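**Q** Before I ask anything, let me first share the structure, which is written out below as structure tokens.
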Amino acid sequence: MADTNPIKQFEIHPILPMEVNGIDLSFTNSSYFMAVAVLGVTALMWLATTKRALVPSRGQSVAEMLYEFVAGMIRSTAGTEGLRFFPFVFTLFMFILTVNMLGMMHYFPAPGMHGFTVTSHIIVTFALSMLVMAIVVGYGVWKNGFKFLKLFVPSGVPLPLYIIVTPIEVISFLSRPLSLSVRLFANMLAGHILLKVFASFIVMMGTAGVLGFLGATLPLFMVVALTALEFLVAFLQAYVFAILTCIYLNDALHPGH
């Protein structure tokens with residue numbers, strides 16, 4: 001009988017158990033899918049750019065389209081100066097997009113391996129968001145020095161209001177990594193749970209005879225519709241994470257409002 005537990009799909013299992021000085025360093029299914037995503041993106045970009053031509057191949061067209069998409073995103077939010085962060089933003093966008101799409105493959109083409117959504121774990125999304133904020137703060141301080149603090153003192157505000165505005169700006173800045181990570185984590189987690197719940201309805205109603213079999217058509221249609229929606233969400237969440245990263249990097253480049 002199929003497992004109908006909607007939470008089981010998020011369990012982390014060791015593939016290669018390893019322990020060093022009491023610390024668990026096992027290679028898990030989460031590690032596996034992150035490695036597959038990195039190797040997949042690397043292979044795509046390498047194969048697409050190895051034999052560049054004036055008339056691009058399909059692979060080269062995809063690579064150029066992704067390049068222009070991310071470059072346009074950076075230019076529109078952080079200006080031309082923000083293109084110095086293109087390698088970072090492009091890598092971040094492609095990694096999140098790929099692991100999100102891999103999470104949609106329930107039966108992964110590997111022996112004994114089922115689909116796993118890496119971004120459904122907040123530890124992963126929080127680590128990515130902290131990496132973003134570390135670069136924002138590090139580069140902002142390195143480039144602007146104490147002028148980076150102008151981020152918390154908006155220009156054009158009457159002096160007495162700084163008592164209220166500055167704490168709000170500080171709290172808003174400190175909450176960025178949390179909001180950035182929770183947005184991605186919550187959307188991926190909720191969507192996959194919803195898919196699993198409706199899929200379990202199909203199984204349960206399908207075993208209830210002819211009437212149950214007919215009744216299972218409704219959750220079946222819902223699963224098909226939700227699957228299409230989840231593919232859209234997988235892309236949109238990668239896009240939202242990347243564009244918010246660009247906005248935060250713009251603060252590092254131009255801290256004054």
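The values are calculated or read from the model by the stated rules, or taken from the named source; none is laboratory data. Values in this document were obtained by computation on a predicted structure and should not be read as measured data. Neighbour counts are summed over all protein chains in view; Cβ atoms, including those assigned to glycine, are modelled from backbone coordinates with ideal geometry. What goes into the accessible areas is simple: the full protein's heavy atoms, side chains included, and nothing from ligands, DNA or RNA. Shrake-Rupley method; radii C 1.70, N 1.55, O 1.52, S 1.80 Å.
**Q** Mind telling me which of the residues 77, 98 ends up being hydroxyl-bearing (Ser, Thr, Tyr), touching a residue at least 12 places away in the same chain (Cβ under 8 Å), buried (at least 20 other Cβ atoms within 10 Å of the Cβ) and out of contact with any strand residue (DSSP E or B) (no Cβ under 8 Å at 6 or more places or on another chain)? Walk me through how you get there before you give the answer.
**A** Details: 77 fails: buried (at least 20 other Cβ atoms within 10 Å of the Cβ).
None of the other options fit; the residue is 98.
**Q** For residue 26, which of the numbered conditions (1) touching a residue at least 60 places away in the same chain (Cβ under 8 Å); (2) closer than 18 Å to residue 121 by Cα fails to hold?
**A** Every condition holds for residue 26 apart from (1).
To keep it simple, each residue is scored yes or no on (1) out of contact with any Phe, Trp or Tyr (no Cβ under 6 Å at 6 or more places or on another chain); (2) open to solvent by less than 80 Å² (accessible area, probe 1.4 Å); (3) at positive phi; (4) hydrophobic (A, V, I, L, M, F, W, C).
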{"residue": "106", "(1), (2), (3), (4)": "yes, no, no, no"}
{"residue": "118", "(1), (2), (3), (4)": "no, yes, no, yes"}
{"residue": "137", "(1), (2), (3), (4)": "yes, yes, no, yes"}
{"residue": "140", "(1), (2), (3), (4)": "no, yes, no, no"}
{"residue": "145", "(1), (2), (3), (4)": "yes, yes, yes, no"}
{"residue": "159", "(1), (2), (3), (4)": "yes, no, no, yes"}
{"residue": "171", "(1), (2), (3), (4)": "yes, no, no, yes"}
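**Q** While we're looking at this one, here's another question. Quick check on the stretch 114-122. Is at least one of its residues more than 22 Å from residue 27 (Cα to Cα) and modelled with pLDDT of 90 or more?
**A** Taking the stretch 114-122 and keeping what is more than 22 Å from residue 27 (Cα to Cα), we get none.
The answer is no; no qualifying residue exists.
**Q** Just wondering, is there one or more residues in the stretch 34-55 that are under 22 Å from residue 114 (Cα atoms) and touching a strand residue (DSSP E or B) at 6+ places or on another chain (Cβ under 7 Å)?
**A** no
**Q** Let me ask something else about it. Please verify whether the stretch 12-25 includes one or more residues that are part of a helix (DSSP H, G or I) and surrounded by 13 or more Cβ atoms within 10 Å (Cβ to Cβ).
**A** Step one: list which residues in the stretch 12-25 are part of a helix (DSSP H, G or I), which gives none.
Within the stretch 12-25, none of the residues are part of a helix (DSSP H, G or I) and surrounded by 13 or more Cβ atoms within 10 Å (Cβ to Cβ).
**Q** Just wondering, is there one or more residues in the stretch 144-155 that are touching a residue at least 60 places away in the same chain (Cβ under 8 Å), out of contact with any Ser or Thr (no Cβ under 8 Å at 6 or more places or on another chain) and not in a helix (DSSP H, G or I)? Break it down into steps so the answer makes sense when it comes.
**A** Restricting attention to the stretch 144-155, the residues satisfying the condition of being touching a residue at least 60 places away in the same chain (Cβ under 8 Å) are 144, 147-151, 154-155.
With out of contact with any Ser or Thr (no Cβ under 8 Å at 6 or more places or on another chain) added as a condition, the list becomes 144, 147-151, 154-155.
Among the residues that remain, those that are also not in a helix (DSSP H, G or I) are: 154-155.
There is at least one residue in the stretch 144-155 that is touching a residue at least 60 places away in the same chain (Cβ under 8 Å), out of contact with any Ser or Thr (no Cβ under 8 Å at 6 or more places or on another chain) and not in a helix (DSSP H, G or I).
**Q** Go through the residues of the stretch 36-43 one by one and say whether even a single one is open to solvent by 70 Å² or more (accessible area, probe 1.4 Å), of a type in the set (S, T, N, Q), under 23 Å from residue 102 (Cβ atoms) and within 19 Å of the chain's Cα centre (by Cα). Quick ask: steps written out before the conclusion?
**A** Initial filter on the stretch 36-43 (open to solvent by 70 Å² or more (accessible area, probe 1.4 Å)): 38-39, 42.
In the following step, the residues that additionally are of a type in the set (S, T, N, Q) were identified as 42.
Then drop every residue that is not under 23 Å from residue 102 (Cβ atoms), which leaves 42.
If we keep only those that are within 19 Å of the chain's Cα centre (by Cα) as well, we get 42.
Yes: the stretch 36-43 contains one or more residues that are open to solvent by 70 Å² or more (accessible area, probe 1.4 Å), of a type in the set (S, T, N, Q), under 23 Å from residue 102 (Cβ atoms) and within 19 Å of the chain's Cα centre (by Cα).
**Q** From the list 236, 189, 220, 214, exactly one residue is assigned to a helix (DSSP H, G or I), under 29 Å from the mean Cα position of the chain (by Cα), at pLDDT below 85 and not β-branched (Val, Ile, Thr). Which is it?
**A** Details: 236 fails: at pLDDT below 85; 189 fails: at pLDDT below 85; 214 fails: under 29 Å from the mean Cα position of the chain (by Cα).
Exactly one residue qualifies, and that residue is 220.
**Q** Say whether the condition of being more than 20 Å from residue 245 (Cβ to Cβ) and in a helix (DSSP H, G or I) is met by at least one residue in the stretch 126-137.
**A** Here is the first cut: in the stretch 126-137, the ones more than 20 Å from residue 245 (Cβ to Cβ) are none.
There is no residue in the stretch 126-137 that is more than 20 Å from residue 245 (Cβ to Cβ) and in a helix (DSSP H, G or I).
**Q** So how many residues does the stretch 49-74 have that are open to solvent by 100 Å² or more (accessible area, probe 1.4 Å) and part of a loop (DSSP other than H, G, I, E, B)? Talk me through it step by step, then tell me what you get.
**A** Let us first name the residues in the stretch 49-74 that are open to solvent by 100 Å² or more (accessible area, probe 1.4 Å), namely 51-52, 54-55, 58, 65, 67-68.
With the extra rule that they be part of a loop (DSSP other than H, G, I, E, B), the set shrinks to 51-52, 54-55.
So the count comes out to 4.
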